[in-house]
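A.B. asks: Got a structure for you, questions after.
The values are calculated or read from the model by the stated rules, or taken from the named source; none is laboratory data. Note that this is a predicted model, so its numbers are computed, not measured. Here the Cβ positions follow ideal geometry from the backbone for every residue, glycine too, while neighbour counts run over all protein chains shown.
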Amino acid sequence: MPDGLGPALRTPLVDRLALVGMGLIGSSLARVCRRKGIARKIIAADLSPEVCARVRELGLADEVAESAPAAVAQADLVILCAPVGAMEAIARKVGPHLRAGAILSDVGSVKSAIIAAVAPHLPEHVRFVPAHPVAGTEMSGPDAGFASLFLDRWAILTPPPGTDPAAVSTVVDFWAAAGSHVEVMAPAHHDLVLAITSHVPHLIAYNIVGTAADLEEVTQSEVIKFSAGGFRDFTRIAASDPTMWRDIFLANKEAVLEMLGRFTEDLTALQRMIRRGEGDGLFDLFTRTRRIRRGIIEQGQETAAPDFGRGRADPAD
Ligand code: NAP
């Protein structure tokens with residue numbers, strides 16, 4: 001069955017690509033780069049020997065390097081695909097080994113904190129183009145990846161002021177070849193937008209699933225049995241990787257707290273409407289929110305299928 005990715009490129013965009021971190025995102029990038037011929041050579045590295053062994057078994061890369069410095073030493077484009085909290089340590093380790101003129105990018109879900117952590121470890125001759133593919137699932141690891149993960153999703157680039165435009169253009173072309181739409185924005189703006197579209201929704205899901213799990217009046221088996229009433233859809237998000245999400249909340253603290261403050265105020269207003277029996281207010285809000293979902297479907301970011309598009313992995317981040 002066609003995967004929607006279209007034909008392979010005539011010539012690779014990148015000669016040697018190094019991917020550091022071969023979980024869901026790193027392995028999906030390796031797959032799409034293979035499938036589309038985006039890089040002539042793919043070099044993979046991961047901290048975990050088990051992940052490295054699995055990457056070899058799956059044949060996801062041309063070479064699995066013994067360490068991150070060994071992987072980046074050969075590469076023209078390096079993409080860090082590790083958890084947000086690991087980025088600084090990786091940058092410190094690989095910085096001295098990066099080639100002159102190499103481009104370093106990443107896929108971290110938070111941008112300002114990563115720029116602050118990574119940039120100081122990069123030599124002058126390296127061009128840094130931070131990025132975030134707004135695509136994912138609640139799964140982790142190299143087996144969870146797939147080539148069409150980024151198809152028709154957005155990739156946001158947040159190059160610091162003064163970044164070489166040629167390097168930005170290479171990273172734009174890279175994500176476009178992977179099937180994504182690309183937008184460039186300031187890192188702080190990215191963090192605010194993602195706080196409301198991704199981070200706070202995850203926090204709400206973690207919270208509601210935690211609350212239900214701790215209820216004393218309702219049994220665990222009832223929560224599971226009657227989950228189709230809405231709870232089930234929160235559990236998908238609340239099953240997301242604990243390391244990744246701990247790092248995101250710690251790294252995007254200010255924007256998350258800002259959006260959480262607004263959310264709490266609106267929740268209090270809703271509470272008041274329910275207490276006072278203000279049905280019209282509730283109806284108006286629910287009508288507006290329904291329009292937002294229609295907009296998301298119209299823009300191809302979700303299907304109208306009653307199963308929430310579960311046939312295809314949902315964007316989780
Ligand atoms: P993942 O499946 O858990 O993969 C991360 C991989 O990085 C793991 O194999 C991990 O090894 C490895 N790693 C950890 N520390 C490392 C280090 N110091 N050096 C080399 N490898 C290291 O996570 P993911 O979902 O692909 O997420 C990776 C990044 O993408 C995160 O920054 C996340 O914010 C971002 N992102 C995720 C999504 C999503 O929906 N999942 C979407 C967009 C962006 P261990 O297993 O041994 O720790």
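Table: residues versus (1) without any contact (Cβ under 8 Å) to a residue 12 or more places away in the chain; (2) more than 14 Å from the chain's Cα centre (by Cα).
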| site | (1), (2) |
| --- | --- |
| HIS189 | yes, yes |
| ALA205 | no, yes |
| ASP214 | yes, yes |
| GLY229 | yes, yes |
| ALA239 | no, yes |
| PHE249 | no, no |
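A.B. asks: Can you tell me which of (1) at pLDDT 95 or above; (2) in contact with a helix residue (DSSP H, G or I) (Cβ under 7 Å, 6 or more places away or on another chain) is the one PHE308 doesn't meet?
C.D. replies: (1)
A.B. asks: Is there any pair linking a residue in region 24-35 that is within 12 Å of the ligand (Cβ to nearest atom) to one that is hydroxyl-bearing (Ser, Thr, Tyr), with Cβ under 6 Å and at least six apart or on different chains, and which?
C.D. replies: Partner pairs satisfying both residue conditions: LEU24/SER140.
A.B. asks: Additional query: Considering region 135-151 alone, what residues qualify as being under 16 Å from GLY4 (Cα atoms) and more than 9 Å from the ligand (Cβ to nearest atom)?
C.D. replies: Listed by number, the residues that qualify are PHE146, ALA147, SER148, PHE150, LEU151.
A.B. asks: Now for a different question. For region 38-51, which positions are touching a residue at least 24 places away in the same chain (Cβ under 8 Å) and within 9 Å of the ligand (Cβ to nearest atom)? Please lay out each step first, then the result.
C.D. replies: Start the filter on region 38-51 by keeping residues that are touching a residue at least 24 places away in the same chain (Cβ under 8 Å), which leaves 38-47, 51.
If the condition is that a residue be touching a residue at least 24 places away in the same chain (Cβ under 8 Å) and within 9 Å of the ligand (Cβ to nearest atom), then ALA45, ASP46, LEU47, VAL51 are the ones that fit.
A.B. asks: A follow-up question, please. If you check LEU104, LEU58, which single one turns out to be closer than 22 Å to GLY136 by Cβ, of a type in the set (A, V, I, L, M), crowded, with 24+ Cβ neighbours inside 10 Å and more than 12 Å from the ligand (Cβ to nearest atom)?
C.D. replies: After ruling out the rest, the residue left standing is LEU104.
A.B. asks: Yes or no: region 170-186 includes at least one residue that is free of Cβ contacts under 8 Å to residues at least 60 places away in the same chain, closer than 30 Å to LEU60 by Cβ and over 17 Å from the mean Cα position of the chain (by Cα).
C.D. replies: From region 170-186, those free of Cβ contacts under 8 Å to residues at least 60 places away in the same chain are 172, 175-176, 180-186; that's our starting set.
If we keep only those that are closer than 30 Å to LEU60 by Cβ as well, we get 172, 175-176, 180-184.
Checking which are over 17 Å from the mean Cα position of the chain (by Cα) leaves us with none.
Within region 170-186, none of the residues are free of Cβ contacts under 8 Å to residues at least 60 places away in the same chain, closer than 30 Å to LEU60 by Cβ and over 17 Å from the mean Cα position of the chain (by Cα).
A.B. asks: So, of the residues in region 112-146 that are in a loop (DSSP other than H, G, I, E, B), under 13 Å from the mean Cα position of the chain (by Cα) and of a type in the set (Gly, Ala, Ser), which turns out to be surrounded by the fewest Cβ atoms within 10 Å (Cβ to Cβ)? Full working, then the answer.
C.D. replies: Keep residues of region 112-146 that are in a loop (DSSP other than H, G, I, E, B), which gives 122-126, 129-130, 135-141, 145-146.
Of the ones still in play, those that are also under 13 Å from the mean Cα position of the chain (by Cα) are 130, 135-140, 145.
So of that shortlist, the ones also of a type in the set (Gly, Ala, Ser) come out as 135-136, 140, 145.
Values: ALA135: 26, GLY136: 25, SER140: 18, GLY145: 24.
By that ranking, first place goes to SER140.
A.B. asks: Since MET259 meets every condition but one in (1) loosely packed, with under 14 Cβ neighbours inside 10 Å; (2) assigned by TED's automatic domain parsing to the domain that holds PHE286; (3) more than 16 Å from the chain's Cα centre (by Cα), which condition does it not meet?
C.D. replies: (1)
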